[in-house]
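Asker: Take a look at the following structure, please.
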Amino acid sequence: MASISQHQDSLRRQIGQLFIVGFHGQTVDENIKKLIRAPYHVGQIVLFQRNVASAAQLAKLTHDLQQVAREAGHERPLIIGIDQENGLVTRIAPPITAQLPGSMAVGATGSPEAAFRVGRGTGEILRSLGINMNYGPVCDVNNNPSNPVIGVRSFGDDPHRVATLALQNMHGLRDGGVISCAKHFPGHGDTAVDSHYGLPKIEKTWEQLELCEVVPFREVVRNKIESVMTAHIVFGDSSLPATLDPKVLSKLRSGLDFHGVIISDCLEMNAIRTECGGTVQGAVTALKAGCDCVMICHTIDLQTSALEAVFEAAKDKQFAEQLSQSFKRVNATRGGLSMETACREPDLNKFWQISAENAKLAQELYQSSATFVRTSSKLPLQKDSKILFAMPADMPIPSGVVEYGDLQGPVPETPSGYLEVLKSFSSSVEHMKFFQDGRNDKDILDAAAAVDVVILATRNARLSPYQRNMAKALQSAAPCLVVVATCDPYDFLGTDGAFVENYVAIYEPTVAAFKGAADNLFGLRHPVGRLPVQSS
């Protein structure tokens, strides 16, 4: 009986290391303790913005999680990961630490060195807070402008350029001391459905995918990236999303010769939870299909039920052996991580130093990424200009990933943040919001005629007719109109957007990016950013 019990305990310990779980709260609660301790032995944690209040709190949280693991008998430290993609998806945001540019903003600089420096700065800040894994770089090629989930999270729409920048970002993360994870294999860039809400399908053969979507993944795999995250997308003639499809995962393992860890995207996303048999069965199916780790971010009952379901399924010896191989791959990623280091009392002095360095880096890169797509002789703006700053009252979140894992919808940056930037250049700035129902359009147009310059901030206006209509009206009413696309750059690209004379893309709705654009608008810097996507 003792040998059976020991075997079951060993199996449970292996299975626990293959689960990535999230929890609610900013301290170590009973649910996460339950998962880390016997009988579950969970070895990987994913953090969200909901878990973050301050640098001191976060450092204490990661320290306390590692202490629970040590007391529970874990031989190796927990892998604690986060989606710190920067830009649109920033889980540790200002004022806690400096905002760094996201992927498309980096793409607009045209600089592989910038991708490396952002990766290194990100890795260093995470390690200083006790986080040892980042779910990045994003290797998706944004080759569909209607994509609701990738967009500016991608470095651009050219697969080879994306490959170069993703590789350098990976090297930077590694230099900064964290494990990296390329996502979302084999590519989420050509979808029109957000897998947080539904099940996307891409009608392409593998040969077609290899010409574009797979190119960046092949590059980072060739350079021995530690892990790759799967996409909840159905490809070609399959009936299963890649996360659950052994044919797709075998392309990664054998076709790309990948020897690292394959991680599922969260199994509580609707693409799995409601469309493909549910989260619990999804965990079993994903592991059998070839995933090494499964991610369940939110619900304790689903997490424990999935752990039990995998344990029951592991009565099959072939599956148990497969799990053993996955366990070995996961342990190999821990490399030089030690429990002794992980359990040291946090020292935030390094965090503050790195954060200050990252702030300088961010200012430099945001000035370089702001892209002046079209300009007139009315630029640069004069500091004594009378300015009207207009923006839509409702700036919809463009993707489920932005708010995923948070207790309430986030406000990446508030309109007052943009306004304060403009006021730092000109004391004569008026601010007005406009609405989809047009209730105050006349007031805004009257105000526009009475100032020198109107700066209009838009967000994904290509899919928002009322924002485009306002831009058309202001182009006629204002002496000078400058449109700043604060997220996707597609708002006024192409011939149908050419009516906007002065058009600036900043790739993310953050104050830091807006400040970089303003520095260029008012002539402090000469704009050098270039579109990382096609303009037509």
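Asker: Taking Rh as the Kirkwood radius computed over C-alpha pairs, what is the Stokes-Einstein D of segment 236-307 at 25 °C in a medium of viscosity 0.890 mPa s, expressed in µm² per second?
Answerer: Details: Rh = 12.3 Å.
Diffusion coefficient, whole number: 199 µm²/s.
Asker: Along Cα→Cβ, 7 Å out, is where each label goes; now give me the distance between the ones at E75 and D384 in nm to one decimal.
Answerer: Here the modelled spin labels are 7.5 nm apart.
Asker: Right, another one. Sorted by packing (mean other beta-carbon atoms within 10 Å per residue), highest first, where do 494-501, 418-425, 508-515 land?
Answerer: On the way: 494-501: 14.4, 418-425: 18.2, 508-515: 26.2.
Result, highest mean Cβ count within 10 Å first: 508-515, 418-425, 494-501.
Asker: Of N460, H259, L88, which is farthest towards the positive pole of the chain's charge dipole, taken about the Cα centre with +1 and -1 on the beta-carbons of Lys, Arg and Asp, Glu respectively?
Answerer: H259
Asker: Let me ask something else about it. Excluding A471 itself, calculate the net charge of residues whose Cβ lies under 13 Å from the Cβ of A471, where each Lys or Arg counts +1 and each Asp or Glu counts -1. Working shown, then result.
Answerer: Values: positive: R374, R459, R462, R468, K472; negative: D441, D491, D496, E501.
Result for the local shell: +1.
Asker: Hey, which lysines would be in cross-link range of K350, C-alpha to C-alpha under 27 Å, not counting anything within fewer than 8 residues on its own chain?
Answerer: In chain and number order, the partners are K60, K360, K515.
Asker: When the dipole is taken about the Cα centre of the chain, and only Lys, Arg (+1) and Asp, Glu (-1) are charged at their Cβ, what size is it in debye, to the nearest 20? Write down the numbers at each step before the final one.
Answerer: Details: 50 positive and 57 negative charges, 166 e Å.
It works out to roughly 800 debye.
Asker: Express in nm, to one decimal, how much length is gained between K34 and H526 on full extension, taking 0.36 nm for each residue of separation and deducting their alpha carbon distance. Could you put the intermediate results ahead of the total?
Answerer: Working: separation 492, 0.36 × 492 = 177.12 nm, distance 5.57 nm.
Length gained between K34 and H526: 171.6 nm.
Asker: Looking at segment 370-521, send over the antiparallel percent of its DSSP beta bridges, to the nearest 5. The partial results should precede the final answer.
Answerer: Numbers: 3 of 22 bridges.
The answer is about 15 percent antiparallel.
Asker: Now for a separate question. Rank M269, S238, V280 by how far each Cα sits towards the positive end of the charge dipole of segment 217-288 (+1 on Lys, Arg Cβ; -1 on Asp, Glu Cβ) and give me just the farthest.
Answerer: S238
Asker: If you don't mind, there's one more thing I want to ask. Rounding to the nearest 10 and keeping the result within 0 to 90°, find how far the Cα-based axis of helix 349-369 lies from the longest principal axis of the chain.
Answerer: For 349-369 against the chain, the angle is about 50 degrees.
Asker: Then there is this: Suppose only helical runs count, i.e. DSSP H with n ≥ 4. What mean residue ellipticity at 222 nm does that imply for the chain under -39500 (n - 2.57) per run, divided by all residues and rounded to the nearest 500 deg cm²/dmol? Please report the intermediate quantities before stating the final value.
Answerer: Working: 20 runs with 216 residues, N = 536.
For the chain, the value works out to -12000 deg cm²/dmol.
Asker: How big is the charge dipole of segment 270-397 about its Cα centre, in debye rounded to the nearest 20, if each Lys and Arg gets +1 on its Cβ and each Asp and Glu gets -1 on its Cβ? It would help to have the intermediate numbers written out before the result.
Answerer: Numbers: 14 positive and 14 negative charges, 115 e Å.
Value, rounded to 20: 560 debye.
Asker: Taking the 0 to 90 degree range and rounding to the nearest ten, how far is the long axis of helix 55-71 tilted relative to the main principal axis of the chain, both from C-alpha atoms?
Answerer: For 55-71 against the chain, the angle is about 10 degrees.
Asker: Compute the Rg/Rh shape ratio of segment 292-373: radius of gyration over Kirkwood radius, all on alpha-carbon atoms.
Answerer: Values: Rg = 21.7 Å, Rh = 17.8 Å.
Result for segment 292-373 is an Rg/Rh of 1.22.
Asker: Starting from the Cα-Cα distance between H160 and Q57, subtract it from 0.36 nm times their residue separation and give me the gain in nm to one decimal.
Answerer: 33.0 nm
Asker: Sticking with this one: Where in segment 23-106 are there chymotrypsin sites (Phe, Trp or Tyr not before Pro) that are in a DSSP coil and have at most 11 other Cβ atoms within 10 angstrom of their Cβ?
Answerer: Details: sites: F23, Y40, F48; in loops: F23, Y40, F48.
Sites meeting the loop and neighbour criteria: none at all.
Asker: Using 1/(1 + (r/R0)^6) with R0 = 25 angstrom and r between the beta carbons of E113 and S416, what's the FRET efficiency to the nearest 0.05?
Answerer: Numbers: r = 34 Å, r/R0 = 1.35.
So, using R0 = 25 Å, E works out to roughly 0.15.
Asker: Same structure again: Using 0.36 nm per residue of separation minus the Cα-Cα distance, give me the extension gain between E207 and E312 in nm, one decimal. List each step's numbers first, then the result.
Answerer: Numbers: separation 105, 0.36 × 105 = 37.80 nm, distance 3.77 nm.
Residue separation times 0.36 nm, minus the Cα-Cα distance, leaves 34.0 nm.
Asker: Using a cut-off of 16 Å between alpha-carbon atoms, which aspartates and glutamates can reach K442, once sequence neighbours fewer than 8 places away in the same chain are excluded?
Answerer: Correct list for K442: E430.
Asker: Sticking with this one: What are the lysines whose alpha-carbon lies under 28 Å from the alpha-carbon of K247, with same-chain residues fewer than 8 places away excluded?
Answerer: Here the lysines satisfying the reach criterion relative to K247 are K183, K201, K204, K224, K288, K315, K317, K328.
Asker: Now for a separate question. Compute the angle between helix 159-175 and the longest alpha-carbon principal axis of the chain, please, reported from 0 to 90 degrees and rounded to the nearest 10.
Answerer: The angle comes out near 60 degrees.
Asker: Moving to a separate point now. Mind listing the phi-derived Karplus ³J(HN,Hα) values for segment 112-122, rounded to whole Hz, using 6.51, -1.76 and 1.60 with θ = phi - 60°, and x for any glycine or proline?
Answerer: Couplings: x, 4, 4, 4, 5, 5, 5, x, 5, x, 5 Hz.
Asker: Please give the direction-averaged projected area of the C-alpha convex hull for segment 191-345, in square nanometres with one decimal.
Answerer: Details: hull surface 43.0 nm².
In nm², the orientation-averaged hull projection of segment 191-345 is 10.8.
Asker: Can you sort W352, W206 so the residue with the fewest Cβ neighbours within 10 Å comes first?
Answerer: Values: W352 12, W206 15.
Ranked by crowding around the Cβ, least crowded first: W352, W206.
Asker: Report the net charge of residues surrounding H184, where surrounding means a beta-carbon distance below 11 angstrom and charges are Lys +1, Arg +1, Asp -1, Glu -1. Walk me through the numbers on the way to the answer.
Answerer: Working: positive: R153, K183; negative: D140, E213, D265.
Here the count lands on -1.
Asker: Evaluate the Debye formula for segment 457-519 with equal point scatterers sitting on the alpha carbons, no solvent, and hand back log10 of I(q)/I(0) at q = 0.15, 0.29 Å⁻¹, in q order, two decimals.
Answerer: -0.41, -1.29
Asker: Sticking with this one: Determine, from the Cβ-Cβ distance of K472 and S428 and an R0 of 35 Å, the FRET efficiency 1/(1 + (r/R0)^6), rounded to the nearest 0.05. Spell out each step's value before the answer.
Answerer: Working: r = 25 Å, r/R0 = 0.73.
So the FRET efficiency works out to roughly 0.85.
No lab work stands behind these numbers, since they all come straight from the coordinates. The shown structure was predicted, so the numbers you read here are calculated from the model rather than taken from an experiment. All Cβ positions, even for glycine, are placed from backbone atoms using ideal geometry, and neighbour counts span all protein chains on display.
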